[in-house]
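Down below is the structure, laid out as structure tokens.
The values are calculated or read from the model by the stated rules, or taken from the named source; none is laboratory data. Since we're looking at a predicted model, the values are computed, not measured. Please note: Cβ atoms are built from the backbone with ideal geometry, for glycine as well, and neighbour counts cover all protein chains shown.
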Amino acid sequence: MSVYEEEQRELKDSLEKIDDMAQVLENTPRYRGDDFTQQVLEDRREHQRESLRSAKVEPYFGRLDFKEWDQEKEKALYIGKVGVHDEESGEPLVVDWRAPVSSLFYSFSGSEDDVYYDSPEGIVEGEILLKRNLVVRSRELQRVVDSYTEGQENVGVMSFYYIN
């Protein structure tokens, strides 16, 4: 399977989950009463509705494969304009670009050096195995560009294009 096909499959799976979550929230009745707790919960649901509307069109723009030192396996983190959590697994489906781990996507320019970010739980150390830029427009994957792959040189030149 090519890199493009892999990312296209991942996009399809992510959009299906996002669509399902959005559908559930859109069908949930809005609370309009005076109970403060219910008002706060409704405000949270409305924020989720807005985030999912945005994620339904262009869910993410980057991928970072990061392996924390205390974990056995790396995680593929998709970074987008809004964060979305998979309700079944509880894992992030899309990481908000403002989240602490996202700082690695912006600051990492490619090396096999150890990296870290400052999370609310403290410093998280590890290594980056892949940095990939993705262009998704109107739910379609248009471009995949690897700017870093561990153990390879000059991968930023390698691009995969999709023309509709």
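If you go through region 75-106, how many residues are more than 18 Å from Glu7 (Cα to Cα), more than 8 Å from the chain's Cα centre (by Cα) and in a strand (DSSP E or B)?
1
Name the residue that is surrounded by the most Cβ atoms within 10 Å (Cβ to Cβ), counting only residues in region 1-33 that are hydrophobic (A, V, I, L, M, F, W, C) and closer than 16 Å to Gln142 by Cβ.
Leu11
What is the residue count in region 88-116 for residues that are buried (at least 18 other Cβ atoms within 10 Å of the Cβ) and hydroxyl-bearing (Ser, Thr, Tyr)?
Qualifying residue count, region 88-116: 1.
Quick one: in region 107-150, of everything that is assigned to a strand (DSSP E or B) and free of Cβ contacts under 8 Å to residues at least 12 places away in the same chain, which residue is nearest to the chain's Cα centre (by Cα)?
Applying the filter and picking the extreme gives Tyr116.
Quick one: in region 64-94, of everything that is hydrophobic (A, V, I, L, M, F, W, C) and in contact with a Gly (Cβ under 6 Å, 6 or more places away or on another chain), which residue is modelled with the lowest pLDDT?
The residue in question is Trp69.
Within 9 Å of the chain's Cα centre (by Cα), modelled with pLDDT of 90 or more and either of a type in the set (A, V, I, L, M) or closer than 21 Å to Glu10 by Cβ (or both): does that describe Phe61?
Yes.
Could you check how many residues of region 1-49 are more than 30 Å from Gly62 (Cβ to Cβ) and either in contact with a strand residue (DSSP E or B) (Cβ under 6 Å, 6 or more places away or on another chain) or part of a helix (DSSP H, G or I) (or both)?
Number of matching residues: 8.
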